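Structure first, commentary second.
Derivation of every value follows stated rules applied to the coordinates shown; laboratory data play no part. Note that the structure is predicted; figures quoted are calculated from it, not measured. Neighbour counts are summed over all protein chains in view; Cβ atoms, including those assigned to glycine, are modelled from backbone coordinates with ideal geometry.
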Amino acid sequence: MKGSLVWQIRQSFPKLPPSSVVIYDRILGRKNFFQKWVASYPSHAVRGGESLKSIDAFPQNIRKILKLTQDLEKPILVGVGGGSVGDFVGFCASVLRRGCPLIHIPSTWLSAIDSAHGGKTALNVDAKNQIGTFKKPLKVFLVRELLESQPERRAAEALGELLKMALLDGGGWFEKVRNALPEASSSFLLSRFLREAIQGKYRIIEKDYLEISGGRRVLNLGHTLGHVLEVSHSLPHGVAVYMGLWMSVEWSLQKKFLSQREYKKVRSFFQTRIFQKSFKEVQKRKLSPRKFLFLLGKDKKRVKGQKIDFVFLKGIGRPYRYAVSFLSLLKECQRQGWVKE
């Protein structure tokens, strides 16, 4: 599957194929331009958020979707919303009639740059994303009219994923992001470099779409500490990843995987106002070692024994996966000031 054939950046909403059924985040119903578009299709509004993905909430939603699709010979499910809506609708499309076509229209910068691509779906059973499938979307429409209607804080929350892709992919666009970062707003950066970030992600996932060889796991750069902080401090995903990236970069230097020269280039990514503000707030509430290890134990990247598959950097565009012990990770997070001594 070639990414260029799947995703498309548009200024406004597309005309959908016949038999399309739209499942959307109900908060979008407040937008006039969305109301006019969705009125042309059978639709079901859901409340976005992790509760939507709960296995307990699944039956009532799937029954409503089944009613909308019962008279359609070949229904196409269209998910419009953030990451939780995409995960939910993708899962529904993967199991409805043993699989029906799927279209994603992400409504947040975070889902537009990250979760709408790659075909992962998920529901929550006791913990986040414990069951799921791979479901390749027929299309991913990135609608600027929708994305640019978001408040600036939503763009700031997605910045971590943009910077992650710049670090993983490298090349000339890394330098352009680095040069633009000090002065540009988050929404400008995401709008300007959306195409490059998505192309970089597809270069990685197309080599290991079903996560068989492990090559796709480099996309977890920054996510080990990031997921812990996201849960423990109730941080937006992108902000937590931003901090996890910094921790990974610092540890890469400490282990001599990353040269001083490359480190100095990367360091400028973390001298922005948004990072410094969030960093200070989190550092005031350091995790206890017990809580840190408890949350780490729930990470899906855990490998045999008390080890976790961690992503370091050997250089810009050169991620390096290496299994580290829980204890060594704890000590490094204590050294950096994320966890109490």
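With only Lys, Arg, Asp and Glu charged, each at its Cβ (+1 for the first two, -1 for the last two), find how big the charge dipole of the chain is about the Cα centre; round to the nearest 20 debye.
For the chain, the charge dipole is close to 560 debye.
Could you sort the peptides 253-260, 184-191 by per-residue average Cβ neighbour count (10 Å cutoff), highest mean leading?
Taking the mean over residues of other Cβ atoms within 10 Å, the ranking is 184-191, 253-260.
With point charges of +1 on the Cβ of Lys and Arg and -1 on the Cβ of Asp and Glu, referenced to the Cα centre of region 190-341, which listed residue (Tyr202, Ser259, Phe270) lies farthest in the positive direction of the dipole?
Sorting the options by dipole projection puts first Ser259.
Ignoring solvent entirely, what values of log10 I(q)/I(0) come out of the Debye formula for region 69-119 at 0.21, 0.31 Å⁻¹ when each Cα is a single scatterer?
After summing over all Cα pairs, the log10 values are -0.66, -1.14.
Using a ≥ b ≥ c from the Cα gyration tensor of region 1-102 (square roots of the eigenvalues), is it rounded, prolate or oblate, where a/c under 1.5 gives rounded and otherwise the larger of a/b and b/c decides, a/b for prolate?
Because its axes are fairly even, with a/c under 1.5, region 1-102 counts as rounded.
Per the Kirkwood treatment, what hydrodynamic radius in Å, one decimal, follows for region 156-235 from the mean inverse distance over all distinct Cα pairs?
Result for region 156-235, one decimal place: 13.7 Å.
Based on the alpha-carbon set only, what is the convex hull volume of region 130-192 divided per residue, in Å³?
143
Could you give each residue of region 17-32 its phi-based ³J(HN,Hα) in whole Hz, using Karplus coefficients 6.51, -1.76, 1.60 with θ = phi - 60°, and x for Gly or Pro?
Rounded to whole hertz, the list is x, x, 6, 7, 10, 9, 10, 9, 5, 5, 5, 5, x, 7, 8, 4.
Can you give me the C-alpha center-to-center distance between region 126-201 and region 52-112, rounded to a whole angstrom?
Centre-to-centre (Cα) distance: 22 Å.
Which number do you get for Rg(Cα) / (2.2 N^0.38 Å) in region 237-299?
Against the compact-globule rule of thumb, the ratio is 1.26.
Considering every pair of different Cα atoms, what Kirkwood radius, in Å, is found for region 152-336?
Kirkwood radius, region 152-336: 16.7 Å.
Taking neighbour counts of Cβ atoms within 10 Å as a proxy for exposure, in what order, fewest first, do Val38, Val241, Val228, Val266 appear?
Ordered from fewest to most neighbouring Cβ atoms within 10 Å, Val38, Val241, Val228, Val266 come out as Val38, Val266, Val228, Val241.
Order of Lys307, Lys298 from fewest to most other C-beta atoms within 10 Å?
With the sparsest Cβ surroundings first, the list reads Lys298, Lys307.
Just how large is the dipole of region 292-341 about the Cα centre, in debye to the nearest 20, putting +1 at every Lys and Arg Cβ and -1 at every Asp and Glu Cβ?
For this selection, approximately 200 debye.
Sorting Asp87, Asp56, Asp208 on the 10 Å Cβ count, fewest up front, what's the list?
Fewest-to-most Cβ neighbours within 10 Å comes out as Asp56, Asp208, Asp87.
For the chain, report the convex hull volume of the alpha-carbon atoms normalised per residue, in Å³, without decimals.
Looking at the chain, the number lands at 132 Å³ per residue.
With respect to the cross-link table entries Lys164/Lys340; Lys128/Lys301; Lys128/Lys298; Lys207/Lys265; Lys15/Lys74; Lys307/Lys331, which display a Cα-Cα separation exceeding 19 Å?
Those over the limit are Lys164/Lys340; Lys207/Lys265.
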